[in-house]
Amino acid sequence: MDTVLDTLSATHYSAKEMVKPISFYCAAPEGKAVFLMGDFNDWNPRSHPMQRREGGWWFLQVPLSHGHRQYLFLVDGAPTLDPHATGVAGNSRYARVSVTAVS
């Protein structure tokens, strides 16, 4: 006879498999187009357009899985670090990228 514990152990849940909505904000009052690119979209410079908000802020919410995610803003074609990121790292595509921790 199955118990609740048997059922729970058979159905394995992991935080690594879950996604969480993460909000990104970029201050670019003079920007005409801002995109978000990172390891979550294979650094595609056009797949995640951000939306302009009041005061020159740009916004986008992206569902991301657990871990440290690398990203950059692309402001009018120029890769731009996020000054509010958790940290900065280097990777094989760009000398410096922003990092956020998703938990």
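Residues checked against (1) touching a Cys at 6+ places or on another chain (Cβ under 8 Å); (2) charged (D, E, K, R); (3) over 13 Å from Ala27 (Cα atoms):
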position: Trp43; (1), (2), (3): no, no, yes
position: Pro49; (1), (2), (3): no, no, yes
position: Gly67; (1), (2), (3): no, no, yes
position: Phe73; (1), (2), (3): yes, no, no
position: Ala78; (1), (2), (3): no, no, yes
position: Asp82; (1), (2), (3): yes, yes, no
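So, in segment 49-83, exactly how many residues are within 19 Å of Lys20 (Cα to Cα) and either among the charged types (D, E, K, R) or part of a loop (DSSP other than H, G, I, E, B) (or both)?
Total meeting the criteria: 3.
Could you tell me whether Gly56 is within 17 Å of Val102 (Cβ to Cβ) and in contact (Cβ under 8 Å) with a residue 12 or more places away in the chain?
Considered against the rule, which asks whether it is within 17 Å of Val102 (Cβ to Cβ) and in contact (Cβ under 8 Å) with a residue 12 or more places away in the chain, Gly56 comes out as no.
Hey, Gly31 hits all of (1) assigned to a loop (DSSP other than H, G, I, E, B); (2) without any contact (Cβ under 8 Å) to a residue 40 or more places away in the chain but one; which does it fall short on?
For Gly31, the exception is condition (2).
For Asp6, only one of the following conditions fails: (1) modelled with pLDDT of 95 or more; (2) over 26 Å from Ser103 (Cβ atoms); (3) assigned to a helix (DSSP H, G or I). What is its number?
Evaluating Asp6 over (1) modelled with pLDDT of 95 or more; (2) over 26 Å from Ser103 (Cβ atoms); (3) assigned to a helix (DSSP H, G or I) leaves (1) as the failure.
Determine whether segment 35-45 contains at least one residue that is open to solvent by 40 Å² or more (accessible area, probe 1.4 Å), in a loop (DSSP other than H, G, I, E, B), under 23 Å from Arg93 (Cα atoms) and not polar (S, T, N, Q).
First, pick out the residues of segment 35-45 that are open to solvent by 40 Å² or more (accessible area, probe 1.4 Å): 39-40, 42, 44-45.
Right, trim to in a loop (DSSP other than H, G, I, E, B) and you get 42, 44-45.
Filter once more, so that each one left must be under 23 Å from Arg93 (Cα atoms): 42, 44-45.
Subset that is not polar (S, T, N, Q): 42, 45.
Yes, the conditions are met somewhere in segment 35-45.
The values are calculated or read from the model by the stated rules, or taken from the named source; none is laboratory data. Just so we're clear, the structure is a prediction, and the values are computed from it rather than from any experiment. Here the Cβ is made from the backbone with ideal geometry for all residues, glycine too, and neighbour counts use every protein chain on show. These accessible areas exclude ligands, DNA and RNA; they are computed on the full protein's heavy atoms, side chains included. Shrake-Rupley method; radii C 1.70, N 1.55, O 1.52, S 1.80 Å.
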